[in-house]
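Student: Following this message is one structure expressed as structure tokens.
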2 protein chains.
Amino acid sequence: MHGTPPSIIPDVLQRCDHCAVRHQAVCGAMDDVQVKKLAQIAHRKKVPAGQTIISDEEPVDFFANVISGAIKLTKTLPDGRQQIVGLLFAPDFLGRAYSKHNPYTAEAATDVEICTFPNAAFERLVGEYPGLQQRLFQHTLDELDAARDWMLLLGRKTAEEKVASFLHMLARRSLLTGCVHKASPGSAAFELPLTRSDMADYLGLTIETVSRQLTRLKTSNVVRLSTNRLIMVPDLDRLAQAAGQDNHRH
Amino acid sequence: MHGTPPSIIPDVLQRCDHCAVRHQAVCGAMDDVQVKKLAQIAHRKKVPAGQTIISDEEPVDFFANVISGAIKLTKTLPDGRQQIVGLLFAPDFLGRAYSKHNPYTAEAATDVEICTFPNAAFERLVGEYPGLQQRLFQHTLDELDAARDWMLLLGRKTAEEKVASFLHMLARRSLLTGCVHKASPGSAAFELPLTRSDMADYLGLTIETVSRQLTRLKTSNVVRLSTNRLIMVPDLDRLAQAAGQDNHRH
DNA sequence: CGACATGTTGAACCTCATCAACCGACGTGG
DNA sequence: CCACGTCGGTTGATGAGGTTCAACATGTCG
């Protein structure tokens, strides 16, 4: 929502070899030679929480990989009602093929690190390496699946199921993303990347309802909160059940 | 929801040249020589309303173009609550690249005609003609945009805005799809492709609420209903306003 | 004609939004 | 140092928008 442009910290010396997402992000489709080409057009950028990265009102001239942090994609009605239509995490990709115009706004939900590529140069690379286009396509399909899952949530789930589903998604995510304490199998612990207000915008609720449902889940011992942001899930199956989920999947 | 497989009416003699969607569907990316190849693997199929085309529980072994009618993509919670996560119309494409498994069910909302291609053969063609893959990618991006628009609707719009948005979408569609009476500019007339029950599942409402909001729009003269299914919109801008839309777009 | 599916309307209820007060943490300036 | 404003979050009271349950209307098909 800030008008100021994100500060650019070019990092030409940065070797992709040491990048945390080298083998997961779109560059995972490329061999070392290709990645070197990519490195030449890439720029690391740090974006503080709350800053707008892409606005739906301005053309976009770059693509980006998310290195760390969370980015929210939002849509807003003329009267200000807002909905988060997508969340991007570590190896995800930001940007739209075939169009300079994004139909939504991208904003840093937390402090964020991204690796940007200028539009033209990146599209040239996509032309050279068909594997890259396929990777982008695959990523878009995943985003579509996620969006449709969320449509089911927004249209048909209760407030408690919505909150539980959100936590369940993060919990699953935390299990995949390395560094797990895996204290006991079937449990998880993670940090909330969103404020209550953002959670509300993601779930189609109000902050008050989100807060109430969280305390409900807390008092029924489905989750534990150490701070406002640190969540501990003792039993993932119970959480999945509270989320009204197909738990024979995922 | 029916268990019976759709009846297959192979139509080898059918020339793609005469196909209503020859230049709009994915085949629009192909020249006449390529289309001839495509015609050899294509089969026309008629599917009666209500019949399941693709189930999320069975692998899919074909792709398809929609020739006529409407197909709904649905997701269902274990307890039966249902949400339509996508609607496919005439030149749209059904099927999922890179995966035999669809995470949703496709069902004929009206009587439907589709043009199917066996998986393997089609993927071979995609490999040969890069334009085809790009076309599929583009289509997926459009579906993603539509899904995210719908997330905003499901999460943040009121019942009246939801119904109005749905009608507005169909009205816009009816203007693009040839055969318009364009009695007066800014007006539109079309047939509802969905039952009240399906509309409810699409909008995250109940049939009763859909019905009530329709009569509200009717009594406030935003729309006119000749039959239950035939809609007349005298002023598209008023409808857009009732939909809570950005009307400086689209 | 009766049976069944689709759609409308009414009344009661309930979930969630709204409005408001309050809490703790943090930063700033007198 | 403390008063203060601000921000993120919680909790309570109230009410509206939609759901639910039920009755009825309409249309279609054997």
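Student: Specify, per residue and in Å³, the volume enclosed by the convex hull of the alpha carbon atoms belonging to the protein assembly as shown.
Tutor: Working: hull volume 81.9 nm³, N = 500.
Dividing the Cα hull volume of the protein assembly as shown by its residue count gives 164 Å³.
Student: Copy-to-copy spacing for B:LEU176, label 7 Å out on the Cα-to-C-beta vector, in nm, shortest first?
Tutor: Spacings between copies for this position, smallest first, are 3.2 nm.
Student: Follow-up question, since we're still on this one. Angle check, please: helix A:159-176 long axis (alpha carbons) against the longest principal axis of chain A (alpha carbons), in degrees 0 to 90, nearest 10.
Tutor: 50
Student: When the chain is fully extended, how far beyond the present Cα-Cα distance does A:ASP111 get from A:ASP246, taking 0.36 nm per residue of separation? List each step's numbers first, then the result.
Tutor: Values: separation 135, 0.36 × 135 = 48.60 nm, distance 3.33 nm.
Answer, rounded to one decimal: 45.3 nm.
Student: While we're here: Which whole-number percent of Cα pairs in chain B have a distance greater than 35 Å? Don't jump to the answer; show the numbers that get you there.
Tutor: Numbers: 5511 of 31125 pairs.
Cα-Cα pairs in chain B separated by more than 35 Å: 18 percent.
Student: Ignoring ligands, DNA and RNA, what accessible area per residue does the protein assembly as shown give at 1.4 Å, in Å²? Could the numbers behind the result be given before it?
Tutor: Working: 23620 Å² over 500 residues.
That works out to 47 Å² for each residue.
Student: Please report, in Å, the Rg and the Dmax of the range B:145-213, where both are computed over Cα atoms only.
Tutor: Spelled out, the Cα radius of gyration and Dmax of the range B:145-213 are 12.9, 35 Å.
Student: Whenever you get a sec, compute what percent of the accessible area on the range B:84-204 sits on carbon and sulfur atoms (1.4 Å probe). Present the calculation step by step, with values, prior to reporting the outcome.
Tutor: Details: 2510 of 4560 Å².
Carbon with sulfur: 55 percent of the solvent-accessible area.
Student: Same structure again: Rounded to the nearest 10 degrees, what's the angle between the helix A:32-41 long axis and the longest principal axis of chain A, both from Cα atoms, 0 to 90?
Tutor: Value to nearest ten degrees: 90.
Student: Follow-up question, since we're still on this one. Compare the peptides A:220-228, B:117-125, A:63-71, A:202-210 by average per-residue count of other Cβ atoms within 10 angstrom and give them in order, highest first.
Tutor: Going by the mean number of other Cβ atoms within 10 Å, highest first, we get A:63-71, A:202-210, B:117-125, A:220-228.
Student: Then there is this: Relative contact order, percent, of chain B when contacts are C-alpha pairs under 8 Å separated by at least 6 residues? Walk me through the intermediate numbers first.
Tutor: Numbers: 406 pairs, mean separation 44.8, N = 250.
In percent, rounded to a whole number, it is 18.
Student: Can you compute the modelled spin-label distance between A:ALA20 and B:ARG224, with each label point 7 Å from Cα toward Cβ, in nm?
Tutor: Going from the A:ALA20 label point to the B:ARG224 one covers 6.2 nm.
Student: In degrees from 0 to 90, rounded to the nearest 10, what is the angle of the helix B:119-128 Cα long axis to the longest principal axis of chain B?
Tutor: With rounding to tens, the tilt is 80 degrees.
Student: Which value, in square angstrom to the nearest 100, describes the accessible area buried between chains A and B on both sides, using a 1.4 angstrom probe?
Tutor: Values: alone 14010 and 14010 Å², together 23620 Å².
The A and B chains share an interface burying roughly 4400 Å².
Student: While we're here: For every other residue with a beta carbon closer than 10 angstrom to the beta carbon of A:PRO193, add +1 if it is Lys or Arg and -1 if Asp or Glu, then tell me the sum. Walk me through the numbers on the way to the answer.
Tutor: Working: positive: A:LYS72, A:ARG173, A:ARG229; negative: A:GLU191, A:ASP198.
Local net charge: +1.
Student: Under 28 Å Cα to Cα from A:LYS36, which lysines show up? Leave out anything in the same chain fewer than 8 places away.
Tutor: Filter leaves A:LYS45, A:LYS46, A:LYS100.
The values are calculated or read from the model by the stated rules, or taken from the named source; none is laboratory data. All of these numbers come straight from a predicted model, not from anything done at the bench. Quick reminder, even Gly has a Cβ in these numbers, built from the backbone with ideal geometry, and neighbours come from all protein chains shown. Surface accessibility is based on the protein's heavy atoms, side chains included, excluding ligands, DNA and RNA. Shrake-Rupley method; radii C 1.70, N 1.55, O 1.52, S 1.80 Å.
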